[in-house]
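Beneath this line is the structure, given in C-alpha cells, with notes to follow.
What follows draws every value from the coordinates through simple rules; no lab data is involved. If you're wondering where the values come from, they're calculated on a predicted model, not measured in any experiment. Every residue, glycine as well, gets a Cβ built from its backbone with ideal geometry; the counts of neighbours run over all protein chains shown.
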Amino acid sequence: MTSYESLISARCGLITRQRDTLVISGPDAVPWLQGLVTSDLRLLVDEGNGHRTAFVNTTGRFLADARILHIPDLLFLDLEPGAIDGGLMGHLRRHIIMEEVALDDRSDATGRLGLWGDRAPEILDALSDWEHPVADRPPFCGTWGALGDLGLIVQRLPWTKAPYFEISFAREAEKVLVDALTKAAGDEFPHFDEDLFDVLRVEAGVPAFLRELHQKVIPLEATFDDAIAYDKGCYLGQEIIARLDTLGTPAKLLRRVVLQGDQVPESGDDVLPEDGDGRPIGSVETAVFSPERQAPVALAFIKRKHNDPDATVSINGMKGTIEVLPDVRDL
C-alpha cells in the first residue's frame with residue numbers, strides 16, 4: 001500500500017511543516033496593516049477569526065501571501081518558508097512611520113504540525129480543552145488551548161480537500177505533542193511528508209507562494225478573489241488591482257489541467273493549443289501525479305481566450321482538460 005493509500009485508508013495523518021511565523025501586535029497593528037494587505041482586517045474583529053490575504057507591491061504583484069488568525073492581543077500570520085527573509089520583513093518595516101506596531105519573527109521558535117483527514121477534528125478535540133470547538137471552525141479560523149504547560153494554537157487551513165488543521169507550539173516540545181496526538185488517534189496514524197502534501201494540495205487546486213504565486217503574478221490572476229476587499233479603501237497596490245478588476249478578465253488565469261498520459265510535466269513546460277502546434281498559450285507552474293485522478297495534474301497559467309473550463313490543451317504531447325480552481329472557502 002502506498003503512503004497515499006495508507007493516508008486515505010487511515011482517514012488521518014500527521015506532517016511536520018516548515019513554515020514562517022510572523023506575530024504582529026501593538027495598538028496600531030490593525031489600521032497599519034490594513035493599508036498593506038488586500039483583505040479587510042475588520043472581518044477579523046472577533047478573536048478566533050481568520051482569512052487569507054496577499055501582500056502586493058505598487059504594481060499589484062505578490063510580495064507574499066499569508067493566512068492571518070486573530071488571537072488575543074495579536075495577529076498570527078502563517079507564511080511560506082523564506083517569505084519573511086525574502087523581502088517581506090524589510091517591506092513591512094519600511095512602512096512603519098510613527099505607528100505603534102511590533103513585528104516578531106517567530107519562525108525559528110515555532111513548531112508546526114499539520115493534522116489531515118476526516119478524523120482530525122475528533123483527535124484534536126480529545127487533545128485539549130479549546131477556546132472554540134475545533135470541529136466548528138470555518139476555513140482559516142482557529143482556536144487555542146494547552147497541553148499541560150504547552151500552549152497551542154490551531155488553525156483550520158483549506159490546503160486539501162479533506163479537513164486539515166495546523167497546530168503551532170514551542171518548537172522544542174514537538175515530541176511531546178506528537179506522542180499526545182498519537183495516543184489520541186490510536187494505532188493507525190500515518191506520518192507523511194511535503195511531497196505527499198504537495199500532491200494533496202495540487203489535487204485540491206490550492207496555489208502556494210513561491211510555487212504558483214510569485215512576483216510576476218497579480219492576485220486576481222490566481223483566483224485570490226476571497227482575499228481581495230474591493231470596498232475597503234486604499235491599500236498599497238490597490239489601484240492596479242481595482243483597474244484590472246474593472247477592465248474584466250485578466251490576461252492569464254491559474255487553472256488546473258488534468259492530462260491524458262503518465263508523464264508528469266516539469267515546471268516551466270509550455271502549454272500549447274489542443275493540436276500541439278503554434279505558440280505557447282501558457283506555462284506549467286507545478287505538476288504531480290494524482291492517485292485520485294490516476295493521471296498527471298498540473299497547475300498552469302493559461303492565457304485569456306484559451307483558459308475556458310473543459311477546453312482541451314496540450315502539454316508535452318499529452319492532451320489535457322482545463323478545470324477552474326475551487327473557492328478555497330468551500331474546501
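Observations, loosely collected:
- By the helix-only formula, in which each DSSP H run with n ≥ 4 contributes -39500 (n - 2.57) and the sum is divided by residues, the chain has a 222 nm mean residue ellipticity of -5000 deg cm²/dmol.
- Of the options (1) 32, 28, 15; (2) 30, 24, 20; (3) 42, 20, 17, only one is semi-axes √(5λ) of the Cα gyration tensor in Å as computed from these coordinates, and that is (1).
- Amide H partners (placed H, <5 Å) of S290, local residues excluded: A295, V297
- Backbone geometry of the stretch 321-330 corresponds, through the Karplus equation with coefficients 6.51, -1.76 and 1.60 at θ = phi - 60°, to 3J(HN,Hα) couplings of 9, 7, 10, 7, 5, x, 6, 4, 5, 8 Hz, x marking Gly and Pro.
- The simple Förster model, with R0 at 51 Å and r as the Cβ-Cβ distance, assigns Y230 and D187 a FRET efficiency of 0.55.
- In order along the stretch 142-154, the Karplus-derived 3J(HN,Hα) couplings, from 6.51 cos²θ - 1.76 cosθ + 1.60 at θ = phi - 60°, round to x, 7, 8, x, 8, 10, x, 8, 8, x, 10, 10, 10 Hz, and Gly and Pro are given as x.
- Close amide H contacts of A146 (hydrogens built in the peptide plane, cut-off under 5 Å, sequence separation of 5 or more or a different chain): D129, L152.
- Under-28-angstrom lysine pairs by C-alpha in the chain, whenever the two are 8 or more apart or on separate chains: 18
- Unit charges on C-beta of K, R, D, E only; dipole of the chain, Debye: 760
- D327 paired with H214, simple spin-label distance in nm, labels 7 Å along Cα-to-beta-carbon: 3.0
- Top positive-direction residue, dipole computed over the chain with Cβ charges, set F169, L254, W159: L254
- Between the amide H of L325 and those of R256, distances stay under 5 Å, these residues lying 5 or more places away or on another chain, with hydrogens modeled in the peptide plane.
- Phi-based couplings in Hz for the stretch 210-221 (Karplus 6.51, -1.76, 1.60; Gly and Pro marked x): 6, 10, 8, 9, 7, 6, 9, 10, 9, x, 4, 6
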